[in-house]
Amino acid sequence: MEEDWAEGATGQGVSRVLGKGPCTPQNPLSAPRNRAEGKVLEPVGVFEAPKQHGKYETGQLFLHSVFGYRGIVLFPWQARLYDRDVASPVTEKSENAAGHGSKEVKGKTHTYYQVLIDARDCPHISQRSQTEAVTFLANHDDSRALYAIPGLDYVSHEDILPYSSTDQVPIQHELFERFLMYDQTKVPPFVARDTLCAWQEKNHPWLELSDVHRETTENIRVTVIPFYMGMREAQNSHVYWWRYCIRLENLDSEVVQLRERHWRIFSLSGTLETVRGRGVVGREPVLSKEQPAFQYSSHVSLQASSGHMWGTFRFERPDGSHFDVRIPPFSLESNKDEKTPPSGLHW
């Protein structure tokens, strides 16, 4: 059962990051500030050279290269990236058990990060990217209840444009000072508090990003990241829940608009469900050269401990013609060492 689920972005203020020049230490990063006579720029930080190798550490400030928001790295994840655009050069296989023709795809280790989004930037990205990408099952009798943590995101290594700041509280987020503290002797000068380490350890089964699936059709790249959310008992049966984050990117200059989604959901119990609908999460986003990407999260539940999903997105060109973009097939697997899902945010 696929569900459309979204809530409005949170965060107050009108500040927004501007400027994406060359990423050198000499290039300042600025944001506008309202005054009675109009908007003026105030310094935010200084760009650093992006890391070509290795990974960013907890406390690294960054500008998102696609959505433009300010953020800070909480911790990295090592994921297996299954990129069908660079699949092994083998002959197309016949349809697999799910009825979906596929290439042999080998996963490659890639670094992703759990990050906090600056609340001042949330209003400016809410039409392009949900700021409630991290959700949990509520720990009570309502098996369909979900709760979200606003302003958390998952980003890939190449999404990060690192910068430094002399501000001791450079990111406005309710969890910033609970998770991080300033230490001028460290580089970067923001280090994890015990609460961040405990939170990561406690919620690891539902936060961990392990598999990423990617495929490009007609210059539209689809990236899918599934997460297991836990199991609930309902009417003498077990219901297993997953969330999945999807990013759509237009790699061409032609403007296109997403019109429909078509999902096929296979459950280990033997059921195959087909879901068709207009747009995604109540929207039909336009992908253009100026705003090439859209990112959202949704949820699915099965009455079996595993399954898989695949499908297509239908896009429309300016001349009214349509084309289908493949959604790479991805597995829905329950955690082997399942623990009790969290009941809420407690510190």
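Evaluated against (1) at pLDDT below 70; (2) surrounded by 14 or more Cβ atoms within 10 Å (Cβ to Cβ); (3) charged (D, E, K, R), Glu57 falls short on exactly one condition, (1).
Taking the criterion of being of a type in the set (Lys, Arg) and surrounded by 18 or more Cβ atoms within 10 Å (Cβ to Cβ), the only residue of segment 63-82 that qualifies is Arg70. The residues in segment 224-239 that are crowded, with 21+ Cβ neighbours inside 10 Å and either more than 21 Å from the chain's Cα centre (by Cα) or polar (S, T, N, Q) (or both) can be counted, and the count is 1.
Among the residues making up segment 249-264, those that are buried (at least 18 other Cβ atoms within 10 Å of the Cβ) and over 21 Å from the mean Cα position of the chain (by Cα) are Val256, Arg264. Could you go through segment 309-318 and let me know if any residue there is among the small types (Gly, Ala, Ser), open to solvent by less than 60 Å² (accessible area, probe 1.4 Å) and in contact with a His (Cβ under 6 Å, 6 or more places away or on another chain). Taking every residue of segment 309-318 in turn, at least one turns out to be among the small types (Gly, Ala, Ser), open to solvent by less than 60 Å² (accessible area, probe 1.4 Å) and in contact with a His (Cβ under 6 Å, 6 or more places away or on another chain). One residue stands out among those in segment 130-160 that are modelled with pLDDT under 95 and of a type in the set (S, T, N, Q): the one that is most open to solvent (accessible area, probe 1.4 Å), which is Asn139.
Is segment 145-164 home to any residue that is in contact (Cβ under 8 Å) with a residue 60 or more places away in the chain, part of a helix (DSSP H, G or I), touching a Lys or Arg at 6+ places or on another chain (Cβ under 8 Å) and within 16 Å of Gln60 (Cβ to Cβ)? Scanning segment 145-164, I find at least one residue that is in contact (Cβ under 8 Å) with a residue 60 or more places away in the chain, part of a helix (DSSP H, G or I), touching a Lys or Arg at 6+ places or on another chain (Cβ under 8 Å) and within 16 Å of Gln60 (Cβ to Cβ), so the answer is yes.
Between Gln114, Gln127, the distinction of being surrounded by 19 or more Cβ atoms within 10 Å (Cβ to Cβ) and either part of a helix (DSSP H, G or I) or under 21 Å from the mean Cα position of the chain (by Cα) (or both) belongs to Gln114 only.
The values are calculated or read from the model by the stated rules, or taken from the named source; none is laboratory data. Quantities reported herein were computed from a predicted structural model and do not represent experimental measurements. In this analysis, Cβ positions are derived from the backbone assuming ideal geometry, glycine residues included, and neighbour counts consider all displayed protein chains. Heads up: the accessible areas ignore ligands, DNA and RNA and are worked out on the full protein's heavy atoms, side chains in. Shrake-Rupley method; radii C 1.70, N 1.55, O 1.52, S 1.80 Å.
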